[in-house]
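These notes concern the structure reproduced below.
The values are calculated or read from the model by the stated rules, or taken from the named source; none is laboratory data. Here the structure is a predicted model, which means the values were calculated and not measured. Neighbour counts run over all protein chains shown; Cβ positions are idealised from the backbone, glycine included.
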Amino acid sequence: MRSIGKRAFAKSGAIPSYTMARVMRSWTVMASVFGAMVGLGLGCTNEPDLGGNADSGGAQSDATVPASDGSANDSSSSVDSTATGSDGSSGDGGGSDTSITTDGGSGDGSSGDGSAHDAKADVNFFFDAGADGSEGDGAFNPDAACVESTVVAAPVKLDMYFMVDRSGSMAFPIAPVSSDPIGDCNVGDTKNSKWCYSINALSQFFNSVDQTDNAAALAWFSINNAACTGVEYSTPVVPAGSGFITLPSTQFDSALNAQTPYDNTPTIPAIKGTIQFTANQANRRVGRKLVSVFVTDGDPNGCNVNPNEGYPRVSDIPVVKSLLQQHYVDTNVVTYIIGMDGLDSGGDSRLETMAQGGNAAIHNNNMGGLLTNTCGSSPSAATCRHWNIGTGTNGALVEALKQIQKMAIACSYALPQSDAGLVDPARIRVQFQPSMGTAQTVGKVLSVAGCTGDGGTGGWYYDDNMNPHSINLCASTCQTVEADVLGKVNIVLGCQGS
């Protein structure tokens with residue numbers, strides 16, 4: 001107030017009317033500032049390092065309101081009489097700046113004359129960017145103010161490439177007779193043959209609602225004994241030529257019915273074809289887990305490393321293991337090996353060697369229910385990586401596939417999305433909450449190689465560091481998590497701009 005006001009107040013003890021009017025105008029201006037803050041959606045936080053971020057579209061300052069020409073269409077508002085802006089250009093689109101300044105702002109909705117206070121604001125302001133990357137409409141969107149949140153990890157969806165043995169021995173244990181020389185059957189038949197048990201189990205698995213939104217592709221071996229390069233096995237029979245069928249689906253049944261068990265067991269070419277399909281970038285769908293499942297009832301026979309070797313042709317086994325090991329290193333694709341009766345002596349040991357190359361998950365010999373002695377008897381073990389399902393009776397193959405599905409996705413989680421803003425992969429943290437005790441932070445490694453390399457002891461990694469869509473636990477960490485059936489994995493989200 002001017003000195004005259006002070007003198008008048010001192011002499012009379014009363015407040016003159018013009019002085020009261022000035023006081024009321026001051027309070028009105030303050031109320032207008034507060035109203036503008038509310039209308040613009042200016043939010044507060046106790047984290048000072050979030051404030052004054054130039055990326056939010058406004059200049060860093062203590063108190064800033066962009067000046068405007070007072071038009072109804074301009075989202076900015078002039079507060080101080082010293083504001084220099086005029087003819088604001090924000091218009092109906094709404095100015096993106098929601099900062100406040102006492103220096104006066106330019107009428108075009110920018111942060112004024114270019115000057116900004118160096119001191120950080122006492123409160124932080126969040127800018128609502130448009131969905132298309134534009135500056136938005138000036139209205140406050142609470143979801144744009146991204147804060148750290150925690151979600152329970154959700155498994156990724158699974159893509160499976162099945163390579164199934166259809167060699168002549170799959171017709172057993174039916175003894176060949178003139179009326180039924182091969183033990184062939186269609187889905188729904190009940191013949192006592194490994195082939196019949198297998199196609200019924202596959203049909204049941206592919207058509208199960210438990211597999212909703214998972215997907216599968218199916219191929220056979222042998223095609224013919226001359227197909228030794230692997231290329232012949234790198235394209236599925238269903239769907240024809242490429243891709244996957246989303247489950248549940250009955251589309252596999254006609255192909256299952258059309259096949260007949262015959263020919264030999266060219267394991268190496270079938271493995272090469274499996275590798276070629278699952279290494280193909282077109283089949284490695286973003287945000288999903290890809291695995292292969294190899295089902296056989298015999299030792300390698302056809303396209304062998306040493307064609308003159310007697311049975312069993314064990315020279316092929318180290319080759320298969322090496323191929324699968326390198327494939328896993330290159331792609332992180334796991335190959336599961338399922339064996340059926342028909343192997344020569346020591347066959348389980350050879351299947352185990354193959355499964356080790358494929359980096360299949362370790363499981364117990366006796367899983368309970370229909371799955372007993374799944375490691376076989378030559379040699380017998382408490383745990384193993386391959387699956388022995390005998391002749392496949394009583395739904396053993398279906399149960400094994402269910403277990404494989406659980407193991408395949410048990411430690412791979414979809415990268416969550418937040419309702420509170422755009423998730424920043426650099427700010428993700430993974431925690432394991434055991435059934436008893438406090439939450440444990442799981443360390444991050446750059447890739448699967450970092451899980452054990454250079455003295456690594458586990459952790460988690462992205463499927464793609466540049467464009468991540470899933471979070472994967474290292475094998476040792478996965479075993480810890482899986483051992484606690486009541487435990488859970490939490491993903492702590494941090495957002496861009498937080």
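At-a-glance table
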{"quantity": "Matching residues in segment 316-355 - criterion: being assigned to a helix (DSSP H, G or I) and closer than 16 Å to PRO266 by Cα", "calculated": "ASP316, ILE317, PRO318, VAL319, VAL320, LYS321, LEU323, LEU324, GLY347, ARG350, LEU351, MET354"}
{"quantity": "Test result for ALA215, out of contact with any helix residue (DSSP H, G or I) (no Cβ under 8 Å at 6 or more places or on another chain) and crowded, with 17+ Cβ neighbours inside 10 Å", "calculated": "yes"}
{"quantity": "Residue within segment 381-395 that is hydroxyl-bearing (Ser, Thr, Tyr), under 25 Å from ASP330 (Cβ atoms) and surrounded by fewer than 23 Cβ atoms within 10 Å (Cβ to Cβ) present", "calculated": "no"}
{"quantity": "Enumerated strands (runs of 3 or more DSSP E) restricted to segment 408-467, each holding at least 1 residues that are under 22 Å from LEU158 (Cα atoms) and at pLDDT 90 or above", "calculated": "412-414, 429-433, 460-462"}
{"quantity": "Count of segment 256-303 residues which are part of a helix (DSSP H, G or I) and either without any contact (Cβ under 8 Å) to a residue 12 or more places away in the chain or not β-branched (Val, Ile, Thr) (or both)", "calculated": "13"}
{"quantity": "Residues satisfying the stated conditions in segment 274-298, i.e. closer than 24 Å to SER198 by Cα and out of contact with any strand residue (DSSP E or B) (no Cβ under 7 Å at 6 or more places or on another chain)", "calculated": "ILE275"}
{"quantity": "All positions within segment 304-315 that are in contact (Cβ under 8 Å) with a residue 24 or more places away in the chain and more than 14 Å from PRO266 (Cβ to Cβ)", "calculated": "TYR311, PRO312, VAL314"}
{"quantity": "Strands (runs of 3 or more DSSP E) wholly inside segment 136-255 that include at least 3 residues being modelled with pLDDT of 90 or more and within 30 Å of the chain's Cα centre (by Cα)", "calculated": "157-165, 215-221"}
{"quantity": "Total residues in segment 383-407, condition more than 21 Å from LYS289 (Cα to Cα) and in a strand (DSSP E or B)", "calculated": "3"}
{"quantity": "Some residue of segment 334-344 being touching a residue at least 60 places away in the same chain (Cβ under 8 Å) and of a type in the set (Ser, Thr, Tyr)", "calculated": "yes"}
{"quantity": "Unique match (being assigned by TED's automatic domain parsing to the domain that holds ILE275, among the hydroxyl-bearing types (Ser, Thr, Tyr), surrounded by 15 or more Cβ atoms within 10 Å (Cβ to Cβ) and farther than 14 Å from TYR161 by Cβ) among TYR197, TYR233", "calculated": "TYR197"}
{"quantity": "Of residues in segment 356-374 being out of contact with any Lys or Arg (no Cβ under 9 Å at 6 or more places or on another chain) and either not assigned by TED's automatic domain parsing to the domain that holds SER203 or not in a strand (DSSP E or B) (or both), the one surrounded by the fewest Cβ atoms within 10 Å (Cβ to Cβ)", "calculated": "GLY369"}
